[in-house]
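Here is the structure we will look at.
The values are calculated or read from the model by the stated rules, or taken from the named source; none is laboratory data. A quick note: this is a predicted structure, and the numbers were derived from the prediction, not measured. Backbone-built Cβ (ideal geometry, glycine too); neighbour counts: all protein chains shown.
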Amino acid sequence: MSAPAPEPAPCALRTARLVDAERIFALIHLHRDRLVPRSLGNIVENIDRFVVAEVDGEMVGCATYGIFPEIGEPLHTAVEIQSVAVRAPWRRKGVGRALVLEIVRRVRAFEPAAALVLTFSPEFFGRLGFREVPKDKVMYKLYTGCINCTKYANPFTCPEKAMVLELNRRD
Ligand SMILES: CC(C)(COP(=O)(O)OP(=O)(O)OC[C@H]1O[C@@H](n2cnc3c(N)ncnc32)[C@H](O)[C@@H]1OP(=O)(O)O)[C@@H](O)C(=O)NCCC(=O)NCCS
């Protein structure tokens, strides 16, 4: 008996273009209860870090990453997966997974020790191999991001979970 046909890709992935910036802004803004807000200017400045997912030419999702400005700890640097969003009608079809795995594939080139996410969707990231860590293990994130949060005064009482995917370095 022949092997089953491979699953069709749920979407096409590509690096964002400047023309996508307003759609990315709208998608992030739509999920402002779960995602850190971004200005249009911030998206434009970081457009080359965004990946978008398309189905039949329509943008159905986006994701990006940030790099923590650590100096002197090259073995412990982490990248943060950010702004992961999939339009509601296209959820649970593998689009979110494809976006996150593509971001992880891209950031591996920089050889970070880990990919970090702070998320209200721990089940989703758990399916992708991320594991929850205590927030005091990611103080770099708290000092560079959470400290400026306008939603919660204290990162330790914020309901977002900190999750990490260890990335193998090539050494
Ligand atoms: C979270 C989100 C990106 C997931 O996108 P998606 O395209 O539906 O995810 P996928 O279909 O690729 O799911 C991958 C796996 O996670 C599981 N999963 C996805 N969402 C889940 C959820 N809310 N609860 C539990 N499991 C979930 C899927 O069942 C699938 O499991 P599998 O390994 O058995 O196949 C999407 O729901 C979303 O945009 N939510 C709003 C914004 C948000 O919360 N973003 C995360 C911010 S950090």
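State whether one or more residues within region 87-96 are over 19 Å from GLU160 (Cα atoms), more than 12 Å from the ligand (Cβ to nearest atom) and under 19 Å from the mean Cα position of the chain (by Cα). No, that holds for no residue. Only one of the numbered conditions (1) within 16 Å of the ligand (Cβ to nearest atom); (2) in contact (Cβ under 8 Å) with a residue 24 or more places away in the chain is not met by PRO8, and that is (2). Kindly check whether there is at least one residue in region 92-100 that is among the basic types (Lys, Arg) and exposed (fewer than 14 other Cβ atoms within 10 Å of the Cβ). Yes, because at least one residue in region 92-100 is among the basic types (Lys, Arg) and exposed (fewer than 14 other Cβ atoms within 10 Å of the Cβ). In the set (1) out of contact with any strand residue (DSSP E or B) (no Cβ under 7 Å at 6 or more places or on another chain); (2) more than 7 Å from the ligand (Cβ to nearest atom); (3) not hydroxyl-bearing (Ser, Thr, Tyr), VAL133 fails one condition alone, (1). VAL60 falls short on exactly one of the conditions (1) more than 14 Å from the chain's Cα centre (by Cα); (2) under 24 Å from TYR143 (Cα atoms), and that condition is (2). One residue stands out among those in region 45-91 that are assigned to a strand (DSSP E or B) and among the charged types (D, E, K, R): the one that is surrounded by the fewest Cβ atoms within 10 Å (Cβ to Cβ), which is GLU58.
The requirement of being outside any loop (DSSP other than H, G, I, E, B) and either closer than 21 Å to PRO8 by Cα or touching a helix residue (DSSP H, G or I) at 6+ places or on another chain (Cβ under 6 Å) (or both) is fulfilled nowhere in region 135-142; no residue meets it.
The conditions of being at pLDDT below 90, on the phi < 0 side of the Ramachandran plot, away from the ligand (no atom under 13 Å from the Cβ) and among the aliphatic types (A, V, I, L, M) are met by LEU75. Could you please find all residues in region 104-132 being modelled with pLDDT of 95 or more, in a helix (DSSP H, G or I) and of a type in the set (Phe, Trp, Tyr)? PHE124, PHE125 - these are the residues of region 104-132 that are modelled with pLDDT of 95 or more, in a helix (DSSP H, G or I) and of a type in the set (Phe, Trp, Tyr). When restricted to residues that are farther than 18 Å from VAL86 by Cβ and within 14 Å of the ligand (Cβ to nearest atom), region 11-36 contains 0.
Residue-by-condition table, conditions (1) without any contact (Cβ under 8 Å) to a residue 24 or more places away in the chain; (2) surrounded by fewer than 22 Cβ atoms within 10 Å (Cβ to Cβ); (3) more than 14 Å from the ligand (Cβ to nearest atom):
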site: ARG106; (1), (2), (3): no, yes, yes
site: LEU116; (1), (2), (3): no, no, no
site: SER121; (1), (2), (3): no, yes, no
site: LYS137; (1), (2), (3): no, yes, yes
